[in-house]
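One structure is given here, and the rest of the page talks about it.
The values are calculated or read from the model by the stated rules, or taken from the named source; none is laboratory data. Not measured: the values here are computed from a predicted model. Don't worry about glycine lacking a Cβ; one is built from the backbone with ideal geometry, like all the others, and counts go over all protein chains shown.
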Amino acid sequence: MAIIKKLKAVKIDQNHLLGIQDISFSQVTEILKQAKTFITLNKSSSKKMDILRGKTQINLFFEPSTRTQSSFELAGKRLGADVMSMNIVNSAIKKGETLIDTAMTLNAMHPDIIVIRHQDSGAPNLLSQKVNCSVINAGDGRREHPTQALLDALTIINRKDKVEGLKIAICGDILHSRVARSNIYLMNMLGAEVNVVAPRTLLPHSIERLGVKAFTDMKKGLDNCDIVMMLRLQNERMHGSFLPSAREYYEFFGLTPDKLKLAKKNALIMHPGPMNRGVEIDTNLADDINRSVIREQVELGVAVRMACLKIFCKKN
Amino acid sequence: MKETYLTNARIIDPKNNLDEIGGLIIDTKGSIKAVGKKVANGNLPSSANKIDLNKKVLIPGVVDMRVFVGEPGYEYKENFRTLSDAALSGGVTSVVSMPNTSPTIDNVSMVDFLKRRGRDKSKINIFPAATLTKNAEGKQMTEFGLLKRKGIIAFTDGVKTVQDPQVMTRIMNFASQSGSLIMQHAEDNILSKDGLINEGEISTRLGLKGIPFLAEKIIVERDLSFLEEYFCRYHISQISSEKTISVIKKAKKDGKIFTTGVSINNLSLNENDIGDFKTFLKLSPPLRTEKDRRALVESVNDGTIDVIVSDHKPQDEESKRLTFAQAATGATGVETLLPLALELFHNKSIKIKQLIAAITTNPAKILGINKGNLDKGNDADLCVIDINKPWIVNKDKLKSKSKNTPIENRKLQGQVLKTFVKGELSYEV
């Protein structure tokens, strides 16, 4: 009898958000719909709800993160969940414990949601196979960062009413970017036309197979775009000989007022942060309240994460 | 030992160009006394041991050129006894053991240990390989002459590649004096650095760093260029990409003499099988595209590729239950090599004679050992197969100590019924 019980326990219907690739159009629509209701809530004076009261949320961040971690923490707290953020630097993982062992340990504490960020692609998938709660991917390796793409979509919808029919350029280090991949999947799903713009050394192999047009000339890539999404360029890319210098990069791939002229007049500038001013984006453009929606992205991020927590939290 | 008469079998021996219904006599010393259609049921002495094989296929025992044992240092992954059991159940009677142990097989004192353990604990023939360089570090060459005299059959850094071109030329130059066989795992370290799977659409989608085909191709091109100046017995352990095949074809056309192997994994699986980060399919060389796989299969069929190996690399569960980036590389395969290879015969990809040659006659010839054929007077290392019998791979039923098979639940056609080593029935289903 014990064995049968054990088998049943594994079969509990689990609800994970591992990547945009794994969710359906209707799920996306539902998340965005719910998120919109939380935007107003987040602006009100009483922000606390009790939708997740009694639920436990564990934030498991193996990579340093400021905005994503605090955004998830705030989202959980506003929904009434008990939120615990694990400090990996001091944990047993640093002492050699494997991801699965950590997962099993946390699982024994009966959490309802684990939010995970990990430097290895596929880590949330592995975790989701081993725990009895919902797993939400807060960024894994260079694979996916689904909530970032969802908040980007919400930001676009907030300003342009819809994503369908828009032309979106994603510019920068596509090769190492999970944000780029999740956005490619999501914007395609929502009916946008997606361009990626990057030097050849920072374009992943067969990127066109993901349904985008690839450009190495920013002027062509930005032509007639509604949205210009800039990606962060990490400094270590200079050392790996992906690029000759920050100066060369800025000259050809940095977003400047000149290059922005090629996009539509009312084109929006987005950035997942943190920004490198003067490396990938002109500092005045980043702060231009008429064009840049970078702060709005952060604001709506909390709403999107609230919607994701609500929808994906394990059902009793 | 009594004389044994195996009768009424379909005998396939690529070396002697034999494919006929007949029998085989094992003499009292465990050697092959006679083989062919003349050995028939009618005229057997009454005292002899008789086995009617009922039209089942009889082939020389399989010779697997690339097997990782685990002894010494990694006994928890595989030891000589478990390897022997696994090999016999797959019809494999001879293996070349890779030197990537702890410590590495790079000096004569280790050879005695290996030979003794191999003899005491296993029933199969173990042919140990030693490293090309001390500790497989790619710097200082090992004692080719002394090691060869001790019984080392081939030299390879196993999972590693000699990166330094100067060291490689000197190795090729020096090893040729002793007639040593050099086997290179072809992968450029720098191009493949941190790489996990084939570079392409799948690596982009999974967000895993890719290993470009160029990493393999340039080492093959380099070594084949060296071969012009420093001729030696040279074997490319395994290739994975279509692009490498064209290099090999061209070199052969130019008259260069060398041999090439391929892992059964690269013939039977492709990068799509990795699916949702299946670490059991983290292999080296990596699984590549379906186009590459087809080209490799065709190259075995047309003789461009000489040998199929299992690349048997046992890994304990703990080293595979990690994220894809952290998981260990390799898959078990010695016991499924033959049945999985037969899939390529059943789906009409490779002719039976060519297929059997690639796992018996050809590797034996490259290694310079009198195995993999049914010559009169040879040790009766034999394998009897029911070539049509269907079965499903179940990791818990496999005999290897580690369970990291890349083909769990695969439906196979063709099962090993009996395996003889030196005339002795060492395995029976």
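Against the list (1) over 24 Å from A:Gln119 (Cα atoms); (2) within 14 Å of chain A (Cβ to nearest Cβ); (3) surrounded by fewer than 22 Cβ atoms within 10 Å (Cβ to Cβ), the condition B:Thr304 fails is (2). Within segment B:312-335, residues that are within 14 Å of chain A (Cβ to nearest Cβ) have Cβ atoms under 7 Å from residues that are charged (D, E, K, R) and assigned to a loop (DSSP other than H, G, I, E, B) in these pairs: B:Asp316/B:Lys77; B:Glu317/B:Lys403; B:Thr323/A:Asp120; B:Phe324/A:Asp120; B:Phe324/B:Lys282; B:Ala325/A:Asp120; B:Gln326/A:Asp120; B:Ala327/B:Lys282, counting only partners at least 6 apart in sequence or on another chain.
Please determine, by comparing only the residues of segment B:165-204 that are in a helix (DSSP H, G or I) and among the aliphatic types (A, V, I, L, M), which one is nearest to the other protein chains (Cβ to nearest Cβ).
So the residue we want is B:Ile202.
For segment A:106-148, the tally of residues that are in contact with a Phe, Trp or Tyr (Cβ under 8 Å, 6 or more places away or on another chain), of a type in the set (A, V, I, L, M, F, W, C) and more than 14 Å from chain B (Cβ to nearest Cβ) stands at 4.
Just checking, does segment A:285-303 include any residue being β-branched (Val, Ile, Thr) and under 13 Å from A:Cys171 (Cβ atoms)? The answer is no, given that none of the residues of segment A:285-303 is β-branched (Val, Ile, Thr) and under 13 Å from A:Cys171 (Cβ atoms). Kindly indicate whether B:Asp85 is surrounded by fewer than 23 Cβ atoms within 10 Å (Cβ to Cβ) and touching a strand residue (DSSP E or B) at 6+ places or on another chain (Cβ under 6 Å). Judged against the criteria, B:Asp85 is not a match.
Checking A:Arg247, A:Arg237, A:Arg232 one by one, the residue that is over 19 Å from A:Val293 (Cα atoms), charged (D, E, K, R) and in contact (Cβ under 8 Å) with a residue 12 or more places away in the chain is A:Arg237 and no other.
Applying the set (1) without any contact (Cβ under 8 Å) to a residue 60 or more places away in the chain; (2) more than 10 Å from chain B (Cβ to nearest Cβ); (3) closer than 20 Å to A:Ile227 by Cβ; (4) surrounded by fewer than 21 Cβ atoms within 10 Å (Cβ to Cβ) to A:Ile157 leaves exactly one unmet item: (1).
Going residue by residue through segment A:213-235, is there one that turns out to be assigned to a helix (DSSP H, G or I), modelled with pLDDT under 90 and either under 14 Å from A:Ala192 (Cα atoms) or in contact with a helix residue (DSSP H, G or I) (Cβ under 8 Å, 6 or more places away or on another chain) (or both)? It would help to see each step written out before you state the result.
To start, the set of residues in segment A:213-235 that are assigned to a helix (DSSP H, G or I) comprises A:218-222.
Among the residues that remain, those that are also modelled with pLDDT under 90 are: none.
Looking for residues that are assigned to a helix (DSSP H, G or I), modelled with pLDDT under 90 and either under 14 Å from A:Ala192 (Cα atoms) or in contact with a helix residue (DSSP H, G or I) (Cβ under 8 Å, 6 or more places away or on another chain) (or both), one finds none in segment A:213-235, hence no.
Within segment A:187-210, the set of residues being outside any loop (DSSP other than H, G, I, E, B) and farther than 20 Å from A:Ala263 by Cβ comprises A:Met189, A:Arg200, A:Thr201, A:Leu202, A:Ile207, A:Glu208, A:Arg209, A:Leu210. For segment A:15-55, the set of residues classified as within 14 Å of chain B (Cβ to nearest Cβ) and either exposed (fewer than 11 other Cβ atoms within 10 Å of the Cβ) or outside any helix (DSSP H, G or I) (or both) consists of A:His16, A:Leu18, A:Gly19, listed by residue number. For segment B:35-49, filtering for residues that are farther than 20 Å from B:Thr93 by Cβ, in contact (Cβ under 8 Å) with a residue 12 or more places away in the chain and either surrounded by fewer than 17 Cβ atoms within 10 Å (Cβ to Cβ) or acidic (Asp, Glu) (or both) leaves 8.
Taken together, the residues in segment A:114-130 that are over 14 Å from B:Arg321 (Cα atoms) and not in a strand (DSSP E or B) amount to 2. Taking segment A:285-313 as the range and being over 17 Å from the mean Cα position of the chain (by Cα) and not in a helix (DSSP H, G or I) as the test, the residues that pass are A:Asp288, A:Ile289, A:Asn290, A:Arg291, A:Ser292, A:Cys313.
Can you work out which of the residues in segment A:253-284 that are among the acidic types (Asp, Glu) and part of a loop (DSSP other than H, G, I, E, B) is nearest to A:Pro199 (Cα to Cα)? Only one residue tops the list, namely A:Glu280. As an exercise: evaluate A:Ala75 against (1) modelled with pLDDT of 95 or more; (2) within 14 Å of chain B (Cβ to nearest Cβ) and give the number of the one condition it does not meet. Looking at each condition in turn, A:Ala75 falls short on (2). Any residue at all in segment B:76-94 that is modelled with pLDDT of 95 or more, in a loop (DSSP other than H, G, I, E, B) and among the β-branched types (Val, Ile, Thr)? There is no residue in segment B:76-94 that is modelled with pLDDT of 95 or more, in a loop (DSSP other than H, G, I, E, B) and among the β-branched types (Val, Ile, Thr). Is it the case that some residue within segment A:146-159 is in a strand (DSSP E or B) and within 11 Å of the chain's Cα centre (by Cα)? So far as segment A:146-159 goes, no, none of its residues is in a strand (DSSP E or B) and within 11 Å of the chain's Cα centre (by Cα).
Among the conditions (1) part of a helix (DSSP H, G or I); (2) out of contact with any helix residue (DSSP H, G or I) (no Cβ under 6 Å at 6 or more places or on another chain); (3) surrounded by fewer than 20 Cβ atoms within 10 Å (Cβ to Cβ), the only one that A:Met86 does not satisfy is (1). Suppose we keep only residues that are within 14 Å of chain B (Cβ to nearest Cβ) and of a type in the set (Ser, Thr, Tyr) within segment A:205-264. Which one would you say is farthest from A:Gly165 (Cα to Cα)? Per the criteria, the residue is A:Ser241. Within segment A:125-157, the set of residues being farther than 19 Å from A:Ser24 by Cβ and of a type in the set (A, V, I, L, M) comprises A:Leu126, A:Leu127, A:Val131, A:Ala138, A:Ile156.
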